[in-house]
Amino acid sequence: MRFLRRNAATEAPVTESTAEAADSTTSVGKGRPTPKRREAQGRRTGPVPPPPRTQREAFKRMRGNKVSKEERRAAAVERRQRMMAGEDKYLLPRDRGPVKAYIRDLVDSRRNLMGLFMPLAILVFVALLTPSLAVQRYATLATTFMLIAMVIEGIVLGRLVTKRVRAKFPTEPIKGLSIGWYSFIRASQIRKLRVPKPHVKPGDAIK
């Protein structure tokens, strides 16, 4: 009991000055609530514009902030036209550069048997649907000879184009396999469906 009394006696009495000091320490801080994310963004971007007074004004503001479908469609058509025209900026990465443009001109200036690859594939598909075994047999035989001829023509074309490209661009790193495959893919497409469109006619001299 004496021990408890001594502790009570040694404790400092709580006065008004100590209470005020405690209150001041607990209130130390930023002294304001944390602003919300929307309010912080509004302060950074500037004052919020007043709300639209009419429906027409709201529609104009919405159109000004958002691209319409017609504008997106027009932009897509323009990109397509420029890509078909051969503008390097709008081409796919595999078609960019003066080397690829020269390869396309070399391929487009020739009449290739490989251009019949897609019509031949359609013809074979139709022949396989016919009930006549003779038609299927002749179609398969003709397709086999055509594919062999196309493969031979593709190899010859790849070597020819690679030789011309190396002579035209002696400082460029030319890979024969890559050039040959690009030439084969270009030549095997129908001329009207080639992207970009051919800039030369069959028989034109390419220097």
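Descriptive notes on the structure:
- Area accessible to solvent at T171, 1.4 Å probe radius, in Å²: 130 Å²
- The stretch 125-195, relative contact order in percent, only Cα pairs under 8 angstrom and at least six apart counted: 25 percent
- Across the stretch 155-202, C-alpha contacts under 8 Å between residues 6 or more apart give a mean separation that, scaled by the residue count, equals a relative contact order of 38 percent.
- Protein-only accessible surface at a 1.4 angstrom probe places the residues E70, E78 in the order E70, E78, largest first.
- With a simple spin-label model that places each label point 7 Å from the Cα along the Cα-to-Cβ direction, the separation between A142 and L92 comes to 3.1 nm.
- Carbon/sulfur fraction of accessible area - the stretch 75-114, other protein chains in place, 1.4 Å, %: 51 percent
- Residue order for V126, V107 - accessible surface, 1.4 angstrom probe, largest first: V126, V107
- Take every pair of alpha-carbon atoms less than 8 Å apart whose residues are at least six positions apart; their mean separation over the length of the stretch 60-207 yields a relative contact order of 37 percent.
- Against the rule of thumb 2.2 N^0.38 Å, how large the Cα Rg of the stretch 62-207 comes out: 1.36
The values are calculated or read from the model by the stated rules, or taken from the named source; none is laboratory data. Computed from a predicted structure; not experimentally measured. Cβ atoms come from the backbone with ideal geometry, glycine included; neighbour counts cover every protein chain shown. When the accessible area is computed, the model is the full protein with side chains, heavy atoms only, and any ligands, DNA or RNA have been set aside. Shrake-Rupley method; radii C 1.70, N 1.55, O 1.52, S 1.80 Å.
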